Amino acid sequence: MVVAVIAILAGLTLSTLGYVNKKGAESRARAEVAALSSAIDNYKLEFGTFPSNQAVLYRELVGSGTLNSNKVFFEPTPNMVTNMATGPFMDPWGSQYQYFTGAQATNNIGFFDLWTSNNAPKDPANWIRN
């Protein structure tokens, strides 16, 4: 009987832990999308244009890009990038944050789109976006 109660309690604890981890990752992704969006807006205020594409986004925001040689708009945490020197920005599930600007930006036409698939790439309704 004692073993059964312990097994039930362990099962409840593990299922709760998974839920807490999922919600924590979602909260972190929302905060990172908001911080990156703010950094991209500040970049535009400084240079008059958004970073041109996803390939240069990291370099431009951390201060090593072509337009931006030393001004830092965003300081990523180590768990947000695979390589601190070259990037790219990674979401809590290990996927790259997606970024479009100009004609490619379909949700925010004339501005930029920044999003993560929230670990559900086939379910755009649950993606976390700017």
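Select from the range 1-36 the residues that are more than 16 Å from Asn126 (Cβ to Cβ), of a type in the set (A, V, I, L, M, F, W, C) and in contact (Cβ under 8 Å) with a residue 12 or more places away in the chain and write down the one among them that is surrounded by the most Cβ atoms within 10 Å (Cβ to Cβ).
It comes out as Leu36.
For the range 97-104, does any single residue satisfy the condition of being of a type outside the set (A, V, I, L, M, F, W, C), exposed (fewer than 15 other Cβ atoms within 10 Å of the Cβ) and outside any loop (DSSP other than H, G, I, E, B)?
Yes.
Somewhere in the range 63-73, is a residue in a loop (DSSP other than H, G, I, E, B), within 22 Å of Arg28 (Cβ to Cβ) and touching a residue at least 24 places away in the same chain (Cβ under 8 Å)? Before the answer, list the steps.
Going residue by residue through the range 63-73, those that are in a loop (DSSP other than H, G, I, E, B) are 63-73.
So of that shortlist, the ones also within 22 Å of Arg28 (Cβ to Cβ) come out as 72-73.
If we keep only those that are touching a residue at least 24 places away in the same chain (Cβ under 8 Å) too, we end up with 73.
There is at least one residue in the range 63-73 that is in a loop (DSSP other than H, G, I, E, B), within 22 Å of Arg28 (Cβ to Cβ) and touching a residue at least 24 places away in the same chain (Cβ under 8 Å).
Using the structure shown, decide if Leu61 is out of contact with any helix residue (DSSP H, G or I) (no Cβ under 6 Å at 6 or more places or on another chain) and aliphatic (A, V, I, L, M).
Numbers: out of contact with any helix residue (DSSP H, G or I) (no Cβ under 6 Å at 6 or more places or on another chain): no; aliphatic (A, V, I, L, M): yes.
For Leu61, the condition - out of contact with any helix residue (DSSP H, G or I) (no Cβ under 6 Å at 6 or more places or on another chain) and aliphatic (A, V, I, L, M) - is not met.
I'm trying to understand the selection: among the residues of the range 100-130, which are of a type in the set (Gly, Ala, Ser) and more than 20 Å from Met90 (Cβ to Cβ)?
Passing the criteria: Gly102, Ala103, Ala105, Gly110, Ala125.
Farther than 30 Å from Gly18 by Cα and surrounded by 18 or more Cβ atoms within 10 Å (Cβ to Cβ), is that true of Gln54?
Judged against the criteria, Gln54 is a match.
Laboratory data are not the source of any read-out in this text; all were calculated from the coordinates shown. For clarity, every value in this text was computed on a predicted model and none was experimentally measured. Positions of Cβ are backbone-derived with ideal geometry, glycine not excepted, and every protein chain shown enters the neighbour counts.
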